[in-house]
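Values quoted throughout were computed directly from the atomic coordinates according to the rules given, and no laboratory measurement underlies them. Fair warning: this is a prediction, and the values are worked out from it, not measured in the lab. In this analysis, Cβ positions are derived from the backbone assuming ideal geometry, glycine residues included, and neighbour counts consider all displayed protein chains.
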Amino acid sequence: MSRESTLPKPFVFVLMPFDDTFSDIYKFGIKGAAEDAGAYAERIDEQIFTEGILDRIFTQISKADVVVADMTGRNPNVFYEVGYAHALGKVTLLLTQAVADIPFDLKHRPHIVYGGKIELVRKELADRLRWAIESSKLASSSLHSEQLTLFVNGVEAVGPDSVVELPIVSGEAQRSEFWIPVQLRNDSIGLLNPITHVYLLSEPNASLIPTEEKPFEPAYTPFGQYGTTGLLQMQSGPRTWASPVEPLSAGLLDKAGDLSAQFRLPMSFPAMPPGAVEVANTGFKFRSGETKCDDHFRLRLLSSTGFHEFDFRLRITLAVTDSAARK
């Protein structure tokens with residue numbers, strides 16, 4: 001006979017305007033999604049308390065496993081409370097009936113545009129809550145003692161729940177295929193476990209795709225890589241070429257809002273003592289016909305103890321735009 005778990009359900013704290021027009025969205029959409037994800041959701045008006053309402057809200061945000069906020073109507077109280085949740089590093093999922101209600105500096109964060117459709121809220125939010133709950137569990141594990149800083153071409157990347165604007169790595173690429181250095185620094189007080197798996201998350205139609213170096217077999221170079229004659233050329237030694245990394249199927253922890261494309265990068269970092277720095281390169285390639293990119297990316301670094309995530313935007317222009325140079 002199966003027995004129900006006696007463990008407490010994950011707590012989802014909901015931030016939204018106290019308006020009758022949101023009642024069904026909350027009762028049937030958000031609470032229904034929480035039930036589907038094996039959690040329970042509450043708003044502040046469902047609770048009994050003696051302290052001031054703002055103190056209570058802050059306490060509940062701090063206790064919550066996941067925060068869900070409906071940004072519809074740009075309610076200032078909701079905006080203020082979301083800022084507090086982000087400052088605490090809480091996994092925060094945003095909802096809105098109109099995308100214009102999401103401020104510019106929050107548009108890179110996962111959000112659901114539901115247009116008043118309750119069934120859409122329940123379906124999409126349930127999926128994201130499952131991911132968010134697992135992410136919250138991992139974040140509260142032994143990872144709390146690990147402090148990492150990651151730089152992409154010298155620009156410091158930020159965590160997905162950072163309150164600062166998404167950092168921009170800008171530049172000009174001389175070729176459609178290029179490399180960008182990634183620098184990882186261990187700011188922990190102890191030894192950092194080896195980073196064995198590195199994943200890149202992007203939007204499905206991003207202008208750039210990740211690449212990995214593969215050898216030619218035999219050692220020929222195709223037109224456009226090194227030659228200019230249009231014929232295969234014999235090289236004196238082994239050559240490599242930038243092969244696109246194949247995308248992976250997204251699993252539970254892979255879902256990250258609009259960043260639904262995932263790639264396993266040929267990159268790893270060894271165990272690092274406190275203060276140590278390691279550098280690796282990641283390759284990119286413009287999609288055929290693309291000469292500019294302004295794409296949001298996330299690097300997910302996994303070790304035996306969990307994962308760390310870093311967000312950044314690549315704003316790159318291709319210097320040479322003729323078709324031969326882009327092959």
- Query: Can you work out D for segment 63-141 in µm² s⁻¹ from Stokes-Einstein, where Rh is the Kirkwood radius over C-alpha pairs, the temperature is 4 °C and the viscosity is 1.567 mPa s?
  - Reply: 100 µm²/s
- Query: Can you sort Ile44, Ile112 by how many other beta carbons sit within 10 Å, fewest first?
  - Reply: Ile44, Ile112
- Report the local net charge at Lys31: Lys and Arg +1, Asp and Glu -1, summed over other residues whose C-beta lies under 11 Å from its C-beta. -2
- Give me the distance in nm between label points sitting 7 Å out from Cα along the Cα-to-Cβ direction at Lys123 and Glu172, one decimal. 4.7 nm
- Query: Listing Ile25, Ile189 from the residue with the fewest other Cβ atoms within 10 Å to the one with the most, what is the order?
  - Reply: Ile189, Ile25
- Would you please give the FRET efficiency between Thr317 and Leu191, computed as 1/(1 + (r/R0)^6) with r the Cβ-Cβ distance and R0 = 41 Å, to the nearest 0.05? 0.50
- Message: Apply the a/c threshold of 1.5 to the C-alpha gyration tensor of segment 11-139 and tell me whether it is rounded, prolate or oblate.
- Response: rounded
- Which of Lys90/Lys137; Lys31/Lys63; Lys63/Lys117; Lys214/Lys285; Lys27/Lys123 exceed 20 Å between C-alpha atoms? The answer is Lys63/Lys117
- Task: With a Förster radius of 22 Å, plug the Cβ-Cβ distance of Thr305 and Ser62 into 1/(1 + (r/R0)^6) and report the FRET value to the nearest 0.05.
- Result: 0.40
- Note on the structure: Env charge @ Asp187, Cβ radius under 14 Å, K,R +1 / D,E -1, value -2
- Message: Per 0.36 nm of contour for each residue apart, how much would the distance between Ala280 and Glu203 grow if the chain were fully extended, relative to their Cα-Cα spacing?
- Response: 25.4 nm
- Query: Extension gain Phe79-Gln47, at 0.36 nm per residue separation less the Cα-Cα distance, in nm?
  - Reply: 9.4 nm
- Using label points projected 7 Å from each Cα along Cα→Cβ, tell me how many nm separate Asp55 and Gln183, to one decimal. 4.6 nm
- So if we plug the beta-carbon distance of Arg264 and Asp24 into 1/(1 + (r/R0)^6) with R0 = 30 Å, what FRET efficiency do we get, rounded to 0.05? 0.10
- Net charge near Asp65, counting Lys/Arg +1 and Asp/Glu -1 over other residues with Cβ under 14 Å of its Cβ? +3
